[in-house]
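In what follows, a single structure is set out as structure tokens and then discussed.
None of the figures in this text is laboratory data; all of them are computed from the coordinates on show. As the structure is a computational prediction, the values presented were derived from the model and not from experiment. Here the Cβ positions follow ideal geometry from the backbone for every residue, glycine too, while neighbour counts run over all protein chains shown.
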Amino acid sequence: MSARNGEWRTPESTLLMLAFIGGSPGAILGQQIFRHKTKKEPFRSRLLAIAGFHGGLCLLTTGYFLARLLSQWASA
């Protein structure tokens, strides 16, 4: 609506930065709920890449701590 009325809007770069610093789950959820920027490229691809990065980071972190925990149990 803001674009149609010529009002101020939040820049895509700000939205992507907020997603990158930890808001990717909320950004994707909001995108789907409000049906906003669901087809706009390259925003969509960049948001999915950020979410993929966060997912990979979570997997690596979980694997690291799980390996440490298992090694502590094995040495006990």
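Things worth noting here:
- Scan of the range 40-76 for residues that are closer than 20 Å to residue 17 by Cβ and part of a loop (DSSP other than H, G, I, E, B), ordered by number: 40, 41, 42
- When residue 37 is tested against (1) of a type outside the set (Ser, Thr, Tyr); (2) surrounded by fewer than 10 Cβ atoms within 10 Å (Cβ to Cβ); (3) not in a helix (DSSP H, G or I), only condition (2) is not met.
- For residue 43, the conditions (1) within 9 Å of the chain's Cα centre (by Cα); (2) under 17 Å from residue 10 (Cα atoms) are fulfilled apart from (1).
- Condition met for residue 26 (small (Gly, Ala, Ser) and loosely packed, with under 10 Cβ neighbours inside 10 Å): no
- Selection of first residues in the range 14-28 that are closer than 15 Å to residue 49 by Cβ and of second residues that are surrounded by 15 or more Cβ atoms within 10 Å (Cβ to Cβ) and aromatic (Phe, Trp, Tyr), restricted to Cβ pairs under 8 Å at least 6 apart or on distinct chains, gives the following pairs, ordered by first then second residue: 15/43; 16/43.
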